[in-house]
Structure formats: structure tokens, C-alpha cells
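The structure appears below as C-alpha cells.
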Amino acid sequence: MTSSRRVVFIHSSNDMFGADRILLQVVDAAVAVGLEPEVWLPADVAAEPDALDARLRARGLAVRILPLPILRRRELRPLRLPGLLWRAVSTWARLVRSRPAIVYCVTSAALLAAPLARVAGVRKVILHNQEIWSGSEARVLGILARSCSSAVAISESARRSLLGPIAARSRTIVNAVPSHASPPPTPVTGTAAPLRFLVASRWNSWKGHATLLAAWDQLEPAPGVLTIVGSPPEVGIAVDVEALVAELRHPESVDVVGQVSDITSCIDASDYVIVPSDDPEPFGLVAIEAFSRCRAVIGTDGGGLAEVISHGVDGILVPLRDPDALAAALSGCSRERARTMGVAARATYLAKYSLERFSLEFEEFWRQETKQKERSVRI
């Protein structure tokens, strides 16, 4: 028998990066309105001790690690397609047995679950679009998303990229981050100290590390100290950040920290946070994390970042894949400018990106979805 309150969340990773943290917030909002979440996570990725599954279990939520049909590029090769098909059939069988009221695809990579859920008799399937669709992939995703009853996008750029009927059944709820403690009102470094810059992301090739380091290497002397936080992705194309740094004229000006569990202290120790993505960011969560800590952001002018950053007010926008423009932006940075923009950044965060705002919007979303479900059952 179908449980009218059970929601199965199907996710494509088991980390604690952007989409994983947003899932926690979405699940918390579902619990707040009386829903019963169950989260299915993929078995093909390794999990750290404090990864998403541990955070979910600490909340008392049901979590299952399963062979899910996640749309990864490595799985779309002819020799691997039988395995993907087997995972699809087994997921369909589990949905038949589970009989949830709602299936929630946490990212577009989980969209193969949408038609499977429909065939399994699930009447409501929701997509959380955390990507910008493009090219041939967009057409495939648009076909799969025909099985979705509605979609939530993390930015207007992500929503506008949707193809097919789902575009008319979508809405935007922008991301949020909590503000754990009062941020330092000004950068903590003294006026005589070099400016400190931070870039924090997975070392995917499209995240712009090569562009940033090419820009950094143009400037003599270096504009300050650059701290690089992150690590290579488990899936996707990686860039060898450490090798790129070693090739710089002044590698001593760059500190490669690696992965950290919480970047708050790294943000607080910086004057500027840089998001140098080569491709348009669907959102850019680290940008609003920086805003919450009174830090200005230097980001590329595309996708969700262009929606978050007001150029010259709370940050600086530069063209995509343009090391010359990025170098010019870096050379124009100062501590006074960082201080002024940081105050504006905090105001932007409080007005648009607080966790309280996000929770209220998503709780209302869940209430609307539940009412729609109840009406469809009565009909």
C-alpha cells in the first residue's frame, strides 16, 4: 500500500559538497511539514566518515546505499550499458515494493529514475534541477523529465535551461547557507599584510583553476597569497592543480590546502573569494557562503553567479575563460575595496540567501505538493 507521506529521494552522490548540503536542507523542510523521507544513495562512490549518509542517519532518517542508475558519462559506454540497465530494473523493482507517494530526483543525473518511478505507479515525481542543461545531453534529459510532474531549479539560469514540458511545470528556489556565527566585519589580515584570496571547489576541469592560475602568473609581483581548497572529483574530468601551481613563476604565493571539512575558517582568513569557473555555474554555493561571512566574490559572468553577484557592489564579475580580464580584476583589488564590498555582500546574503528564507519556501513547496497529491487521490 502506498504511504501518502513517504518521499523517496534519489541522489547521485554521497559527499558533502553543494548538492549534498542542499539535499539536507530540502529533507529538513520535508520533515518539518510531516513527510517521511527515505534517501537512496549510490553504491558506486566511496563515502567519507562524515559524508552525507552519516549526516542523514544522525537526523534519524532512513538511508539506503543502492546500485542506482545514475547517468554518469563513464556509464554511457556500450560495454557498461548492461550494468546500467540492470541497475534501472532493480531500482524499478524497489520502487514497486516501496510504493512511495513521491519520488524526488535530487539532481539531473538521477533522472533515469523518473520514468522508472512512473512505470512503478508513482504518480508524483519531482526534479531538483541543480545543473544547466546544454547540448545533446539537454535533449536526453528533457525526454526523461517528461515523466516528472514538477521541477525546482536552483537559479533562473538552471530553470531556463530546461527543455520540454517540464519547463512549464518548474519554479526557482535559490540555494541558501546557514550563518553559524557572527562573521568578522572586515578581513582579519592587517593593512600591511598581503591580500589573501581563496578558491574552494572540486578540482573539476571546468571549475577554472587553470584560468585562475594563468591569470595569477601574469601579475608581477603576485597580487597576494592564493589558498586553494579542494580535491579531485571521484567522477568527471579532473585537473592536476598541484602540477599547475608547480609551473608558476612564484609557486610560493599559492598554498594548496586540499580538502577540508568546513571552509568557514578559510573564508574568514581571506579578503576575497574567487569562483573562476570556465563554464556557467548553475548557482555557485561558495559565493553565498562568502557573502554570509562578509567576503566579496570575484566570479565569472555566466549562469547563476551572474544572478548572485552585483558587479562593483558585493563582488566583481569577469568574462568566462578570460585570464586577462581575471588578472586585471585581481590587480585592482585592495583591502579597502574588500571591506566595502564585504559589508554589501553580507546585506545581500541576509536579504536573499538565508537558510530561514529557504526553509520557509521549501516548506510551502512541500505543502503545495502534498495538497496536489491529496486532490489527485480524491479524484
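The values are calculated or read from the model by the stated rules, or taken from the named source; none is laboratory data. These numbers come from a predicted model, not from an experiment. Every residue, glycine as well, gets a Cβ built from its backbone with ideal geometry; the counts of neighbours run over all protein chains shown. The area values use the complete protein model at the heavy-atom level, side chains included, leaving out ligands, DNA and RNA. Shrake-Rupley method; radii C 1.70, N 1.55, O 1.52, S 1.80 Å.
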Problem set entry | Long-range neighbours under 7 Å by Cβ, at least six apart or interchain, first residue farther than 17 Å from G18 by Cβ and among the hydroxyl-bearing types (S, T, Y) within segment 202-214, second at pLDDT 95 or above and open to solvent by less than 20 Å² (accessible area, probe 1.4 Å) | T211/P276; T211/D278; T211/L326
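This table checks each residue for (1) within 17 Å of the chain's Cα centre (by Cα); (2) at positive phi; (3) surrounded by 19 or more Cβ atoms within 10 Å (Cβ to Cβ).
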{"residue": "L212", "(1), (2), (3)": "no, no, yes"}
{"residue": "A243", "(1), (2), (3)": "no, no, no"}
{"residue": "E252", "(1), (2), (3)": "no, no, no"}
{"residue": "V256", "(1), (2), (3)": "no, no, no"}
{"residue": "I274", "(1), (2), (3)": "yes, no, yes"}
{"residue": "R295", "(1), (2), (3)": "no, no, yes"}
Problem set entry | Of residues in segment 143-169 being under 21 Å from K371 (Cβ atoms) and in a helix (DSSP H, G or I), the one least open to solvent (accessible area, probe 1.4 Å) | I166
Seminar exercise, completed: Here the residues within segment 117-142 that are open to solvent by 30 Å² or more (accessible area, probe 1.4 Å) and touching a helix residue (DSSP H, G or I) at 6+ places or on another chain (Cβ under 9 Å) are R118, V119, G121, R123, E131, I132, E137
Problem set entry | Total residues in segment 44-68, condition open to solvent by 30 Å² or more (accessible area, probe 1.4 Å) and at pLDDT below 95 | 6
Problem set entry | Residues located in segment 79-116, provided they are open to solvent by 20 Å² or more (accessible area, probe 1.4 Å), among the hydrophobic types (A, V, I, L, M, F, W, C) and part of a helix (DSSP H, G or I) | L79, L81, L85, W86, V89, W92, A93, V96, A109, L116
For this session: Mind listing whichever residues of segment 123-139 are touching a residue at least 40 places away in the same chain (Cβ under 8 Å) and either farther than 20 Å from A19 by Cβ or part of a helix (DSSP H, G or I) (or both)?
Result: R123, K124
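If you check I102, I70, which single one turns out to be of a type in the set (A, V, I, L, M, F, W, C) and within 18 Å of the chain's Cα centre (by Cα)?
Numbers: I102 fails: within 18 Å of the chain's Cα centre (by Cα).
One residue alone meets the criteria, I70.
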Problem set entry | Test result for L71, touching a helix residue (DSSP H, G or I) at 6+ places or on another chain (Cβ under 8 Å), open to solvent by 30 Å² or more (accessible area, probe 1.4 Å) and hydrophobic (A, V, I, L, M, F, W, C) | yes
